[in-house]
Amino acid sequence: MARKASGDHLAGLAGLAAPLALTAVLIPFRVSLPNTDAALALVLVVVAVAAAGYRLAGVLAAVSAAVWFDFFLTVPYERFTITRAADIETTVLVLAVAVAVTEIAVWRRRQQAAAARRAGYLDGINAAARAVFAGSSPQAVIDEVCGQLTSLLSLSGCRFQDGAAGIGRPPRGTDTELLAEAGGLLQGRFLLTPGPRVQLTLEQRLVAVALADQAAAALGGGQLASRQ
């Protein structure tokens, strides 16, 4: 969390400073440089800042670009006043396009994060399936699935109880039970001890059920040795 806050802070500073730095570079050429070219250069800077996917940084960059474009690159110079309609339109376009680019970058980053999570979920299911099909012992499969569930659900503890004993009555009030069934037969349950409070998605819950099914498949041919 601290690292994320630090990244947001640095991105925000970059969003404020980068357009200002570019307009400072363009000041010697502002008389001969068409305003549309300067505006395009500023939009490219905003794109570079927004590419990291931080909405606040992108919005700050968009506002900074519009403000300094007005102050340094439109007549009258170095005043927050615009006298030409074309410059007003260009300034508004700089702001609008920069904000739109920021939203696209944020959406893209979220999609990439979601794809990475889904890939991780599939890797977990595949690892459990490989353990089953490789003929690993039921205990080895249970250990693999418990590890995957702990990572998936941010658990502080996970253990398996074979058979139907105690179904519906978790031994501790904070535990949640996850049934392991295969072929319509109940093989046992996982007792899940929650860790830090996190909001689980439907996707995570479905993956947890799929992992429990893998464990149940491994147990279908025999009974798991009792845990100590």
Highest-first arrangement of 41-48, 128-135, 107-114, 57-64, where packing means the average Cβ count within 10 Å
57-64, 41-48, 128-135, 107-114
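Could you give the size of the charge dipole of the range 115-215 about its Cα centre, using +1 on the Cβ of each K and R and -1 on the Cβ of each D and E, expressed in debye and rounded to the nearest 20? Present the calculation step by step, with values, prior to reporting the outcome.
Details: 9 positive and 9 negative charges, 57 e Å.
The dipole magnitude comes to about 280 debye.
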Radius of gyration and Dmax over the Cα atoms of the range 41-115, both given in Å
13.9, 49
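Would you calculate a helix-derived [θ] at 222 nm for the chain, using -39,500 (n - 2.57) for each DSSP H run of n ≥ 4 and dividing by the full residue count, to the nearest 500? Each step should come with its number before you reach the end.
Numbers: 6 runs with 143 residues, N = 228.
It comes out at -22000 deg cm²/dmol, rounded to the nearest 500.
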How many percent of the accessible area of the chain is carbon or sulfur, using a 1.4 Å probe?
63 percent
Separation of the Thr36 and Gln139 label points, Cα + 7 Å toward Cβ, nm:
7.6 nm
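Quick one: length gained pulling Ile27 to Thr174 fully straight, 0.36 nm per residue minus the C-alpha distance? Before the final figure, lay out the partial values.
Values: separation 147, 0.36 × 147 = 52.92 nm, distance 6.42 nm.
Contour length minus the Cα-Cα distance gives 46.5 nm.
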Charge dipole (debye, nearest 20) of the range 1-135; +1 at Cβ of Lys and Arg, -1 at Cβ of Asp and Glu
680 debye
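Placing unit charges on C-beta atoms (Lys and Arg positive, Asp and Glu negative, everything else neutral), compute the dipole magnitude of the chain about its Cα centre in debye, rounded to 20. Walk me through the numbers on the way to the answer.
Values: 19 positive and 16 negative charges, 73 e Å.
Charge dipole, the chain, about its Cα centre: 340 debye, nearest 20.
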Nitroxide proxy distance, nm - points 7 Å out along Cα→Cβ at Ala116 and Glu203:
1.3 nm
Dipole axis of the chain (+1 Lys, Arg; -1 Asp, Glu on Cβ), positive-most option in Thr83, Gly12, Ser154:
Ser154
Give the span of the range 7-68's Cα atoms along each principal axis, as three whole-Å numbers ordered largest to smallest.
38, 16, 15
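Please give the FRET efficiency for Glu103 paired with Arg130, using the beta carbon to beta carbon distance and R0 = 41 Å, rounded to the nearest 0.05. All intermediate terms of the calculation are to be shown ahead of the outcome.
Details: r = 41 Å, r/R0 = 0.99.
Efficiency computed from Cβ-Cβ geometry: 0.50.
Could you tell me what % of all Cα pairs in the chain have separations over 26 Å?
Numbers: 14471 of 25878 pairs.
The share of Cα pairs beyond 26 Å in the chain comes to 56 percent.
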Testing the spin-label approximation: label points 7 Å from Cα along Cα→Cβ at His9 and Thr83. State their distance in nm.
4.4 nm
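The values are calculated or read from the model by the stated rules, or taken from the named source; none is laboratory data. Computed from a predicted structure; not experimentally measured. Methodologically, a virtual Cβ is constructed for each residue, glycine included, from the backbone with ideal geometry; neighbour enumeration extends over all protein chains shown. For accessibility, only protein heavy atoms count, side chains too; no ligands or nucleic acids. Shrake-Rupley method; radii C 1.70, N 1.55, O 1.52, S 1.80 Å.
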